[in-house]
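All of the numbers you see were taken from the coordinates with simple rules; none came from a lab. Computed from a predicted model, the values in this text were never measured in an experiment. No Cβ is skipped: glycine too gets one built from the backbone with ideal geometry, and neighbour counts run over all protein chains shown.
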Amino acid sequence: MQYSTYNIILFNIIVILFNIAQANTAEDEFKKGYASFKQANYSRAYRSWVTAANKGNVSAQYSMGILYERGLAVPKDPKQAFFWYKKAADQGNPSAQFKLGVFYYLGIGIQQNFGEAAVWITSSAKQGYGMSQYGLGCLYYEGHGVPQNYQTALYWFRKAGKQKIVGALNNLGGMYAKGIGVTKNLVFAYAYFDLAVRAGDTKAQKYRINMQQRLSSSRLLDAQILADSWATGTHDLQ
């Protein structure tokens with residue numbers, strides 16, 4: 001009985017050590033692939049990443065999805081891209097979960113399914129992935145895959161806005177400008193559009209100008225001060 005127990009413990013230790021060695025090897029392969037990718041040697045990146053991906057390395061699985069989505073070193077293949085993104089998403093990778101959600105939403109490599117899109121984008125958004133937070137806000141705004149809820153859309157847009165996702169900032173500006181889900185507030189609208197401009201969105205400039213023309217001098221000053229406080233983190237987004 002003792003001998004049997006000892007063998008079981010020894011076997012488990014061997015398995016654990018083997019898995020650690022496999023993981024280390026896979027991580028090394030992923031890093032080699034990443035170095036090759038940065039040098040635009042996509043064929044070499046593919047060889048390293050496919051090896052690592054088949055050993056369960058989540059970063060390599062996500063990277064394989066990129067190669068197949070973009071047609072780098074391999075023919076463009078949405079189904080293969082979906083396959084590898086799903087592998088990585090199942091391991092909790094938020095970038096892959098976002099990609100999977102987009103594929104389901106648009107029907108790329110899989111039948112269109114707003115409900116599945118919402119499931120994966122929600123999982124990613126809850127991990128703090130900015131683009132998923134923005135995407136989830138859009139889903140709630142439109143009522144795609146989830147019940148339409150402007151307050152929940154605002155919540156997720158604010159989350160994404162804190163990460164300077166310009167689409168979220170512009171949507172927040174638009175909702176305050178029109179009073180959608182919130183009390184109409186042109187000061188807030190100006191401030192959000194200003195943040196989008198600061199984040200590099202040139203299209204937001206015309207929205208900011210429009211708000212500027214609709215505000216009195218004193219209200220415009222309030223809006224500019226508010227935008228500065230949000231940009232510097234002195235006050236949280238509202």
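Annotations
- Residue in segment 202-221 that is in contact with a His (Cβ under 7 Å, 6 or more places away or on another chain), over 20 Å from Gln133 (Cα atoms) and not hydrophobic (A, V, I, L, M, F, W, C) present: no
- Taken together, the residues in segment 155-170 that are free of Cβ contacts under 8 Å to residues at least 40 places away in the same chain, within 17 Å of the chain's Cα centre (by Cα) and part of a helix (DSSP H, G or I) amount to 9.
- Sole residue being surrounded by fewer than 24 Cβ atoms within 10 Å (Cβ to Cβ) and in a loop (DSSP other than H, G, I, E, B), chosen from Ala26, Ala118, Ala73, Ala35: Ala73
- Within segment 70-112, being touching a residue at least 12 places away in the same chain (Cβ under 8 Å) and polar (S, T, N, Q) holds for Gln80, Gln91, Asn93, Ser95, Gln97.
- Selection from segment 59-116 of residues that are acidic (Asp, Glu) and touching a Gly at 6+ places or on another chain (Cβ under 6 Å): none
- Matching residues, segment 124-140, being in a helix (DSSP H, G or I), under 10 Å from the mean Cα position of the chain (by Cα) and surrounded by fewer than 24 Cβ atoms within 10 Å (Cβ to Cβ): Gly130, Met131
- Residue in segment 128-136 that is among the polar types (S, T, N, Q) and touching a Pro at 6+ places or on another chain (Cβ under 9 Å) present: yes
- Breaking point among (1) closer than 24 Å to Tyr105 by Cβ; (2) of a type in the set (S, T, N, Q); (3) surrounded by fewer than 19 Cβ atoms within 10 Å (Cβ to Cβ), for Gln212: (1)
Table: residues versus (1) at positive phi; (2) not β-branched (Val, Ile, Thr).
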site	(1), (2)
Glu69	no, yes
Gly92	yes, yes
Tyr105	no, yes
Ile108	no, no
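- One residue stands out among those in segment 188-218 that are within 29 Å of the chain's Cα centre (by Cα) and of a type in the set (A, V, I, L, M): the one that is nearest to Gln151 (Cα to Cα), which is Ala189.
- Which listed residue, of Asp201, Asp194, Asp228, is acidic (Asp, Glu) and surrounded by fewer than 16 Cβ atoms within 10 Å (Cβ to Cβ): Asp228
- The set of residues in segment 185-219 being in a loop (DSSP other than H, G, I, E, B) and hydrophobic (A, V, I, L, M, F, W, C) consists of Ala199, Leu215.
- Scan of segment 188-220 for residues that are more than 11 Å from Gly173 (Cβ to Cβ), aliphatic (A, V, I, L, M) and touching a Leu at 6+ places or on another chain (Cβ under 9 Å), ordered by number: Ala199, Leu215
- Matching option when the condition is among the acidic types (Asp, Glu) and more than 27 Å from Asn41 (Cα to Cα), among Asp77, Asp90: Asp90
- Per this entry, Phe103 is not counted among residues that are more than 30 Å from Ala199 (Cα to Cα), of a type in the set (Phe, Trp, Tyr) and outside any loop (DSSP other than H, G, I, E, B).
- Pairs, first touching a residue at least 40 places away in the same chain (Cβ under 8 Å) in segment 29-51, second of a type in the set (Gly, Ala, Ser), C-beta under 6 Å, six or more apart: none
- Filter result for Val182 (surrounded by fewer than 17 Cβ atoms within 10 Å (Cβ to Cβ) and not in a helix (DSSP H, G or I)): yes
- Among residues of segment 222-238 that are in a helix (DSSP H, G or I), those with a Cβ under 7 angstrom from a residue that is loosely packed, with under 15 Cβ neighbours inside 10 Å and not small (Gly, Ala, Ser), sequence gap 6+ or separate chain, pair up as Ser229/His235.
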